[in-house]
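Before anything else, here's the structure in question.
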Amino acid sequence: MAGHGGVGHHPGTHRWRVAGWSAAAALLLAPLVAMQFTEEVNWTPFDFAVFGALLAVAGGAFELVVRLTRRQAVRAAAGAAIAAAFLLAWAHGAVGIF
(Lines give C-alpha, C1' and ligand atoms only; values in the text may rest on other atoms or scores of the structure.)
Protein backbone atom coordinates (compact mmCIF):
# COMPACT_ATOMS: atom_id res chain seq x y z
CA MET A 1 0.00 0.00 0.00
CA ALA A 2 1.72 3.12 -1.20
CA GLY A 3 1.72 6.06 1.17
CA HIS A 4 1.28 4.01 4.32
CA GLY A 5 3.91 3.40 6.96
CA GLY A 6 7.38 4.84 7.02
CA VAL A 7 9.10 7.23 9.37
CA GLY A 8 6.84 9.80 10.97
CA HIS A 9 3.57 8.13 9.97
CA HIS A 10 1.24 7.72 12.92
CA PRO A 11 -2.52 7.52 13.15
CA GLY A 12 -3.96 11.02 13.22
CA THR A 13 -0.93 12.59 11.50
CA HIS A 14 -3.03 13.54 8.49
CA ARG A 15 -5.37 15.65 10.64
CA TRP A 16 -2.43 17.60 12.10
CA ARG A 17 -0.96 18.19 8.65
CA VAL A 18 -4.29 19.46 7.31
CA ALA A 19 -4.72 21.70 10.36
CA GLY A 20 -1.20 23.11 10.02
CA TRP A 21 -1.46 23.90 6.33
CA SER A 22 -4.98 25.29 6.82
CA ALA A 23 -3.64 27.62 9.52
CA ALA A 24 -0.91 28.75 7.11
CA ALA A 25 -3.52 29.46 4.43
CA ALA A 26 -5.63 31.39 6.95
CA LEU A 27 -2.59 33.48 7.89
CA LEU A 28 -1.98 34.22 4.22
CA LEU A 29 -5.60 35.25 3.70
CA ALA A 30 -5.84 37.43 6.84
CA PRO A 31 -4.25 40.52 5.22
CA LEU A 32 -6.54 40.13 2.20
CA VAL A 33 -9.57 40.18 4.47
CA ALA A 34 -8.16 43.08 6.49
CA MET A 35 -7.66 45.08 3.28
CA GLN A 36 -11.42 44.95 2.72
CA PHE A 37 -12.11 46.75 6.01
CA THR A 38 -9.26 49.21 6.49
CA GLU A 39 -6.80 51.24 4.47
CA GLU A 40 -4.10 50.61 7.10
CA VAL A 41 -3.35 47.26 5.45
CA ASN A 42 -2.18 47.72 1.88
CA TRP A 43 -0.38 44.64 0.55
CA THR A 44 0.77 44.19 -3.02
CA PRO A 45 0.85 40.87 -4.87
CA PHE A 46 4.61 40.80 -4.13
CA ASP A 47 3.89 41.03 -0.38
CA PHE A 48 1.54 38.06 -0.62
CA ALA A 49 4.10 36.09 -2.64
CA VAL A 50 6.89 36.74 -0.13
CA PHE A 51 4.69 35.89 2.84
CA GLY A 52 3.43 32.77 1.08
CA ALA A 53 7.02 31.71 0.38
CA LEU A 54 7.95 32.27 4.04
CA LEU A 55 5.00 30.16 5.16
CA ALA A 56 5.82 27.43 2.63
CA VAL A 57 9.48 27.25 3.67
CA ALA A 58 8.64 27.19 7.38
CA GLY A 59 5.89 24.61 6.91
CA GLY A 60 8.04 22.49 4.64
CA ALA A 61 10.95 22.60 7.07
CA PHE A 62 8.72 21.45 9.92
CA GLU A 63 7.22 18.70 7.75
CA LEU A 64 10.77 17.50 7.05
CA VAL A 65 11.62 17.47 10.75
CA VAL A 66 8.46 15.51 11.56
CA ARG A 67 9.26 12.95 8.86
CA LEU A 68 12.89 12.54 9.92
CA THR A 69 12.47 12.15 13.67
CA ARG A 70 10.06 10.62 16.12
CA ARG A 71 11.47 12.27 19.24
CA GLN A 72 9.07 14.89 20.56
CA ALA A 73 11.87 16.95 22.13
CA VAL A 74 13.66 17.24 18.80
CA ARG A 75 10.43 18.17 17.04
CA ALA A 76 9.65 20.81 19.66
CA ALA A 77 13.15 22.31 19.51
CA ALA A 78 13.14 22.34 15.72
CA GLY A 79 9.64 23.85 15.69
CA ALA A 80 10.76 26.62 18.04
CA ALA A 81 13.84 27.31 15.90
CA ILE A 82 11.77 27.36 12.70
CA ALA A 83 9.19 29.67 14.29
CA ALA A 84 11.94 32.01 15.52
CA ALA A 85 13.56 32.12 12.08
CA PHE A 86 10.15 32.74 10.47
CA LEU A 87 9.34 35.60 12.86
CA LEU A 88 12.79 37.13 12.43
CA ALA A 89 12.52 37.03 8.62
CA TRP A 90 8.98 38.42 8.77
CA ALA A 91 9.95 41.26 11.11
CA HIS A 92 12.97 42.10 9.00
CA GLY A 93 10.85 42.19 5.86
CA ALA A 94 8.14 44.27 7.52
CA VAL A 95 10.23 46.94 9.21
CA GLY A 96 13.88 46.22 8.39
CA ILE A 97 15.08 45.63 11.94
CA PHE A 98 18.60 44.85 10.74
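The values are calculated or read from the model by the stated rules, or taken from the named source; none is laboratory data. Because the structure is a prediction, the values reported are computed rather than measured. As a convention, Cβ positions derive from the backbone with ideal geometry for all residues, glycine included, and neighbour counts pool all protein chains shown. Protein only, heavy atoms only, side chains kept; ligands, DNA and RNA dropped before computing areas. Shrake-Rupley method; radii C 1.70, N 1.55, O 1.52, S 1.80 Å.
Considering only residues of the range 85-98 that are free of Cβ contacts under 8 Å to residues at least 40 places away in the same chain and over 10 Å from Ala58 (Cβ atoms), which is nearest to the chain's Cα centre (by Cα)?
In this case the residue turns out to be Leu88.
Right, another one. List the residue pairs whose Cβ atoms are under 6 Å apart, where the first residue sits in the range 53-82 and is more than 18 Å from Ala19 (Cα to Cα), the second is outside any loop (DSSP other than H, G, I, E, B) and among the hydrophobic types (A, V, I, L, M, F, W, C), and the two are 6 or more positions apart or on different chains.
Taking only residues 6 or more apart or on different chains, the pairs are Ala78/Val65.
Within the range 71-98, can you find the residues that are modelled with pLDDT under 90, in a helix (DSSP H, G or I) and surrounded by fewer than 11 Cβ atoms within 10 Å (Cβ to Cβ)?
Across the range 71-98, the qualifying residues are Ala94, Val95.
Also, I was wondering about something else. If we keep just the residues of the range 56-70 that are in a helix (DSSP H, G or I) and of a type in the set (D, E, K, R), which is most open to solvent (accessible area, probe 1.4 Å)?
Per the stated criteria, the residue is Arg67.
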